[in-house]
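Report on the following structure.
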Amino acid sequence: MLGEYRIEGRRASEIAASVERGVGTGELEPGGLLPPMRELAVTLGVNPNTVAAAYRTLRERGVIETDGRRGSRVRAKPATTTRGSIRVEAPAGVRDVSQGNPDAALLPPLGEALAAAARREAERPRMYGEAAVDADFARLARAAMDADGVPDGPVGVASGSLDAIERVLAVHLRPGDAVAVEDPGWGSLLDLVPALGLRPVPVAVDDDGPRPEAVARALREGARALIVTDRAQNPTGAAIGAERAAALRRVLGDHPDVLLVEDDHGHGFVGLPLHPLAGATHHWAMVRSVAKAYGPDLRIAAFTGDPLTVDRVRGRQRLGPGWVSRLLQRAVVHLWTTGAVDTPAVARAYGERRDGLVRALERRGIEAHGRSGMNVWVPVSDETGAVTRLLAAGWAVAPGARFRMDAAPAVRLTVSGLAPAEIDRLADAVAAAAGPAPARSYG
């Protein structure tokens, strides 16, 4: 069961630390079965409740998972081993299209925005006890959401999309609750959910986003939350259109107590319109990061939602970081008000690269997906082999394992840095490496 590793400790914290130590060193392998609680209690000479408390702590930290009578096991991907570690290091001379970063040439310069924020600070320094959300930031964020049909709600600020999503989940859910997530989906989110002690339930997606029948099944089976990406879905580029939004709203209408979280990180660099689901349930949140359009290091995301959800998140923030830097909020305000990003032009630039690669692959008989955003998803029959062959051909791509649970093997290609002359060369390499199409493809 545990091999040579001995779990030690007399207190729950010591037992939990001993298990985490074994996972960290690799002596407790992913998927390894842990001793039944009563058996371990006898071995350690402690009360079974002590072991139960230790296992509960480990579940909440995303280290182990418990499946009823089947017992407790080390998670296949413990929280200490993120999906980001499933990557290909690009050696010298290899073109890297694996990172998922925006094109730096399409990001606005930040110097003047930061200087304007600093000048404002010099005129009136911000102190403790002031409002956490800059008034102009809230006004502009809310106006943009109003224009896109997002229901009315207060505005909060978080340190990026993942921070906002984590906080929303934490104020509504408890360890052990099931959360419906897109599959394939954002790797960091697939790590976050179990790290919070929550149970991810995969929901199949296609080019129009989450499939309604898959969402309905997950909610019928007890998922207490649903997380969806409205546009530029990572890794597939899926985007929810009007028809799909209507179908999903009907499904959600049958489950009004489900927490709905929407990630619209595509705002600012995607040309497709938003078709929000917000308001289909009692509790919801819409999150918009500025990372892809204005710069990943700004670490700013605006969010709105029903008043209870936003109030809970902002209240919990006050007890932790307090607020997100108002200097950075003011810098984003400057970027918004000066039109620092020409969204149609940026969306067109990414679209030309993305659509060009999809068409080039289709001409070579290769299935490819990328309706919006900066990534293209290519199903393959042998993921490891395709990644290896592409690396040998001079291209580093992201393994699909970083982004999927039950979905079929694939690779992700980021087009943001591609030059037009590279598209055909990359398509040739992918066609040579992909092999026959898998029996079960995307969606």
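Read the figures in this text as sums done on the coordinates, not as results from a lab. Nothing here was measured: the structure is a model prediction, and the numbers come from that model. Cβ: placed from backbone, ideal geometry, glycine included. Neighbour counts: every protein chain shown.
Place a +1 charge on the Cβ of each Lys and Arg in segment 111-337 and a -1 charge on the Cβ of each Asp and Glu, then give the dipole magnitude about the Cα centre in debye, rounded to the nearest 20.
Charge dipole of segment 111-337: 660 debye, to the nearest 20.
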Restricting to bridges with both residues inside the chain, how much of the DSSP beta-bridge set is antiparallel, in percent to the nearest 5? 55 percent
Calculated FRET value between R363 and N101, using beta carbons and R₀ = 22 Å, to 0.05: 0.20
Burial order of peptide ranges 157-164, 320-327 (average beta-carbon count within 10 Å, highest first): 157-164, 320-327
With springs connecting C-alpha atoms under 10 Å apart, model the chain as a Gaussian network and identify which of R95, R119, R389 has the largest mean-square fluctuation. R119
Run the numbers on the chain and let me know its relative contact order in percent, using alpha-carbon pairs under 8 Å that are six or more apart. 18 percent
Most positive-pole-ward Cα, A368, S289, G176, against dipole of the chain from beta carbon charges: G176
Is it possible to state the helix-based mean residue ellipticity at 222 nm for the chain, with each DSSP H run of 4+ residues giving -39500 (n - 2.57), the sum divided by total residues, to the nearest 500 deg cm²/dmol? What is it? -12500 deg cm²/dmol
Whole-angstrom gap from segment 226-265 to segment 166-223, using each part's C-alpha centre: 11 Å
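Using the Kyte-Doolittle scale, find the helices of the chain whose mean hydropathy is at least 0.0 and whose Cα atoms extend 15 Å or more along the helix's long axis, counting only whole DSSP H runs.
TM-like helix candidates: 12-25, 135-147, 161-172, 242-253, 326-337, 420-434.
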Any GluC sites (Glu not before Pro) in segment 100-143 that lie in a DSSP loop and have at most 12 other Cβ atoms within 10 Å would be E130
In debye, nearest 20, what is the charge dipole magnitude of the chain about its Cα centre with +1 on Lys and Arg Cβ and -1 on Asp and Glu Cβ, if you could check? 800 debye
Can you tell which of T57, T66, T43 shows the greatest fluctuation in a Gaussian network model of the chain with Cα springs below 10 Å? T43
Hey, if you put +1 on the Cβ of every Lys and Arg and -1 on every Asp and Glu Cβ in segment 12-74, which of V42, L28, A17 ends up farthest toward the positive end of that dipole? V42
